[in-house]
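Written out below as structure tokens is the structure these notes cover.
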Amino acid sequence: MKGTLGIVGLLCVCALVWLFVFGRGYWYPVYVKMNGKQTVSDVVNKYGESAEGRLASAFHAAGVAYPPKEIALLAVKADKRVELWAKQDGAQQGADWHLIKPYDVLAASGELGPKLREGDRQVPEGIYRVEGLNPNSAYHLSMKLNYPNAFDSQWAKKEGRTEPGTNIFIHGKAVSVGCLAMGDPAIEELFVLVNEVGKAQVSVIIAPVDPRKQSLLPADGDKAWVATLYQDIEQAFLAVSQP
């Protein structure tokens, strides 16, 4: 009897841990509703000083003034890495990008290849913008990308894919279903930085592999449009990292 109760207790603990870690999307909105929402300004007041201190050090080491004029986040799915690049203040369009720091992606579901539909667990591949900052994310903080963008929507419509997916974020914690989970310190830095420079001055380029090491080539069986997508990604990625 005691052994059975012990097993049941252990299973309950495991279930609670699983719910806490992987079920945040279910219970965290309730928590926010009970405790009140915070604003972007609240987040900046709470994390801004420490986040900007870390960022300023990285910018100084890279020889770039903080805050920058424009930033780009270059993500490589195969390497689980996001690089922060910044354009030197006063630089002309398309010139003078500098690598500021790399971040590890702590979790990202799916495999190499574009996102096609809702529920496929794929991280999108393409050239995106940040369209919103969420200070009440179930994953600490998050930044919403404009997926599906015009290219994604165009081909989804042509192929009759009525639900190409939505709600793709760069966020904190280390759990992901189709998003890029960066951990809390990293998302605090990126959230504060994007708020500082403005969403319109941020580009996010997500590539399957690093185009500085190999050309982006569609896999066997990919749709014909994937070749065009990969050409666009490679060009945009290299324009920042190898101008």
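The values are calculated or read from the model by the stated rules, or taken from the named source; none is laboratory data. Predicted, not measured: the structure shown is a model, and the values here were computed from it. Neighbour counts run over all protein chains shown; Cβ positions are idealised from the backbone, glycine included. All accessible areas refer to the heavy atoms of the entire protein, side chains included, with ligands and DNA or RNA removed. Shrake-Rupley method; radii C 1.70, N 1.55, O 1.52, S 1.80 Å.
Restricting the stretch 16-48 to residues that are open to solvent by 80 Å² or more (accessible area, probe 1.4 Å) and at pLDDT 90 or above leaves a set whose member that is farthest from residue 174 (Cα to Cα) is 45. Restricting attention to the stretch 103-114, the residues being within 19 Å of residue 211 (Cβ to Cβ), surrounded by 15 or more Cβ atoms within 10 Å (Cβ to Cβ) and in contact with an Asp or Glu (Cβ under 9 Å, 6 or more places away or on another chain) number 4. If we scan the stretch 216-223, do we find a residue that is assigned to a helix (DSSP H, G or I) and either closer than 19 Å to residue 118 by Cβ or open to solvent by 20 Å² or more (accessible area, probe 1.4 Å) (or both)? The answer is no, given that none of the residues of the stretch 216-223 is assigned to a helix (DSSP H, G or I) and either closer than 19 Å to residue 118 by Cβ or open to solvent by 20 Å² or more (accessible area, probe 1.4 Å) (or both). Taking the stretch 97-154 and the strands (runs of 3 or more DSSP E) fully enclosed by it, the elements with 3 or more residues that are in contact (Cβ under 8 Å) with a residue 60 or more places away in the chain are at 97-104, 126-134. Every listed requirement among (1) open to solvent by 40 Å² or more (accessible area, probe 1.4 Å); (2) under 28 Å from residue 41 (Cβ atoms) is met by residue 159 save one, (2). Considering only residues in the stretch 124-138 that are surrounded by fewer than 21 Cβ atoms within 10 Å (Cβ to Cβ) and polar (S, T, N, Q), the one that is farthest from the chain's Cα centre (by Cα) turns out to be 136. Within the stretch 110-125, none of the residues are in contact with a strand residue (DSSP E or B) (Cβ under 7 Å, 6 or more places away or on another chain) and of a type in the set (Gly, Ala, Ser). Within the stretch 49-83, the only residue that satisfies the criterion of being open to solvent by 60 Å² or more (accessible area, probe 1.4 Å), free of Cβ contacts under 8 Å to residues at least 60 places away in the same chain and within 18 Å of the chain's Cα centre (by Cα) is 80.
Please verify whether residue 141 is of a type outside the set (Val, Ile, Thr), surrounded by 21 or more Cβ atoms within 10 Å (Cβ to Cβ), touching a Phe, Trp or Tyr at 6+ places or on another chain (Cβ under 6 Å) and modelled with pLDDT of 95 or more, treating the condition exactly as stated.
On the way: of a type outside the set (Val, Ile, Thr): yes; surrounded by 21 or more Cβ atoms within 10 Å (Cβ to Cβ): yes; touching a Phe, Trp or Tyr at 6+ places or on another chain (Cβ under 6 Å): yes; modelled with pLDDT of 95 or more: yes.
The answer is yes for residue 141.
Look through 128, 139 and report the one residue that is in contact with a His (Cβ under 7 Å, 6 or more places away or on another chain) and within 17 Å of residue 187 (Cβ to Cβ).
Details: 128 fails: in contact with a His (Cβ under 7 Å, 6 or more places away or on another chain).
It is 139.
May I ask you to list the residues in the stretch 197-243 that are touching a strand residue (DSSP E or B) at 6+ places or on another chain (Cβ under 7 Å) and among the aliphatic types (A, V, I, L, M)?
Narrowing the stretch 197-243 to residues touching a strand residue (DSSP E or B) at 6+ places or on another chain (Cβ under 7 Å): 197, 199, 201-207, 209-210, 216, 229, 232-233, 236-237, 240-241, 243.
197, 202, 204, 205, 206, 207, 209, 216, 229, 233, 236, 240 - these are the residues of the stretch 197-243 that are touching a strand residue (DSSP E or B) at 6+ places or on another chain (Cβ under 7 Å) and among the aliphatic types (A, V, I, L, M).
The single condition among (1) among the β-branched types (Val, Ile, Thr); (2) in contact (Cβ under 8 Å) with a residue 60 or more places away in the chain; (3) outside any strand (DSSP E or B); (4) open to solvent by 20 Å² or more (accessible area, probe 1.4 Å) that residue 192 does not satisfy is (4).
Considering only residues in the stretch 168-189 that are within 16 Å of residue 114 (Cα to Cα) and at pLDDT below 95, the one that is surrounded by the fewest Cβ atoms within 10 Å (Cβ to Cβ) turns out to be 177.
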